[in-house]
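Visitor: Dropping the structure in here first, questions after.
The values are calculated or read from the model by the stated rules, or taken from the named source; none is laboratory data. Fair warning: this is a prediction, and the values are worked out from it, not measured in the lab. Neighbour counts are summed over all protein chains in view; Cβ atoms, including those assigned to glycine, are modelled from backbone coordinates with ideal geometry.
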Amino acid sequence: MSKPTVVLVHGFWGGAAHWSKVIVALSRMGYTDIRAVENPLTSLADDAERTRKMVAQVTGPVVLVGHSYGGAVITQMGHQPNIKALVYIAAFAPDAGESPGGITQQQPPAAVANIAPDSDGYLWIVPSKFHESFCQDLTADEALVMAVTQKAPVGGTFGDTITAPAWKDKPCWYQISTQDRMIHPDNQKRMSARMNAKKVITLDASHASLASQADAVAALIDEAAKATAS
């Protein structure tokens, strides 16, 4: 049976390259059509539209995967008929009327104080704090590259709310990172529980589980693909 297209959606402070290890792992599993969206992080509407356009280029079934804020993106635009599964990787999964910022305020994560705005309204993780905040289970060299290449979101994006959450209509899978300092693990548990996910896995990982435990993340994506194959 042919494998679906996997579309990967990054979150705040990263880009499509954050998926590099997952891409290699999926390729080794036999996935030949893997796509990683490069979102502008300027608003939820902009990011959802950019992701929608990429999915629209796929004629067959799609497994849509979101990390971090990318979970909000796939929640907002994941209703397209060829999307067969949603996979959340240490991700926001807001309900209607909720925003990533509102969820964060309900239960602030450990590293929230290490996020700082610049004079243009973009939010950055303080570079010297990036390793301890975002990816404490990666090497210092890997963290340095992530810190230097981080893609800051427009601050207002945190407050953008979901209209109709796709996780209410599509089969979902979720990965919780127990050592996450960017999205509180308890928030991840709450969001994954209410979406009635087909499967929830828990990794002893930082927010950057897609890099530190790429094989486990790829295995979850593969499981979602197989479960929704038709």
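Visitor: Hey, can you tell me all the residues within region 4-28 that are closer than 24 Å to residue 114 by Cα and either in a helix (DSSP H, G or I) or free of Cβ contacts under 8 Å to residues at least 60 places away in the same chain (or both)?
Guide: The answer is 16, 17, 18, 19.
Visitor: Across region 202-213, which residue is surrounded by the fewest Cβ atoms within 10 Å (Cβ to Cβ) among those that are in contact with a helix residue (DSSP H, G or I) (Cβ under 7 Å, 6 or more places away or on another chain) and more than 16 Å from residue 146 (Cα to Cα)?
Guide: Once the filter is applied, the top-ranked residue is 203.
Visitor: Same structure, new question: As an exercise: evaluate residue 228 against (1) of a type outside the set (A, V, I, L, M, F, W, C); (2) surrounded by fewer than 20 Cβ atoms within 10 Å (Cβ to Cβ); (3) at pLDDT 95 or above and give the number of the one condition it does not meet.
Guide: (3)
Visitor: So residue 197 clears everything in (1) surrounded by fewer than 17 Cβ atoms within 10 Å (Cβ to Cβ); (2) hydrophobic (A, V, I, L, M, F, W, C); (3) outside any strand (DSSP E or B) except one condition, right? Which one?
Guide: For residue 197, the failing item is (1).
Visitor: Let me ask something else. Does any residue in region 93-104 that is on the phi > 0 side of the Ramachandran plot come within less than 8 Å, Cβ to Cβ, of a residue that is crowded, with 16+ Cβ neighbours inside 10 Å and not in a helix (DSSP H, G or I) six or more places away or on a different chain, and which pairs are these?
Guide: Listed by first residue and then by second, the contacts come to 97/161; 97/162.
Visitor: Can you tell me which residue is surrounded by the fewest Cβ atoms within 10 Å (Cβ to Cβ) among those in region 157-184 that are under 14 Å from residue 115 (Cβ atoms) and in contact with a strand residue (DSSP E or B) (Cβ under 9 Å, 6 or more places away or on another chain)?
Guide: Only one residue fits best here, namely 158.
Visitor: Among the residues of region 11-38, what is the count of those that are farther than 17 Å from residue 224 by Cα and among the hydroxyl-bearing types (Ser, Thr, Tyr)? Step through it out loud before you land on a result.
Guide: Start the filter on region 11-38 by keeping residues that are farther than 17 Å from residue 224 by Cα, which leaves 11-21, 24, 36-38.
Within this subset, residues satisfying the condition of being among the hydroxyl-bearing types (Ser, Thr, Tyr) are 20.
Qualifying residue count for the region: 1.
Visitor: Taking residue 191 as the residue in question, decide whether it is assigned to a helix (DSSP H, G or I), within 23 Å of residue 14 (Cα to Cα), more than 15 Å from the chain's Cα centre (by Cα) and modelled with pLDDT of 95 or more.
Guide: no
Visitor: Going by the structure shown, is residue 75 closer than 30 Å to residue 193 by Cβ and either in contact (Cβ under 8 Å) with a residue 60 or more places away in the chain or part of a loop (DSSP other than H, G, I, E, B) (or both)?
Guide: Yes: the conditions hold for residue 75.
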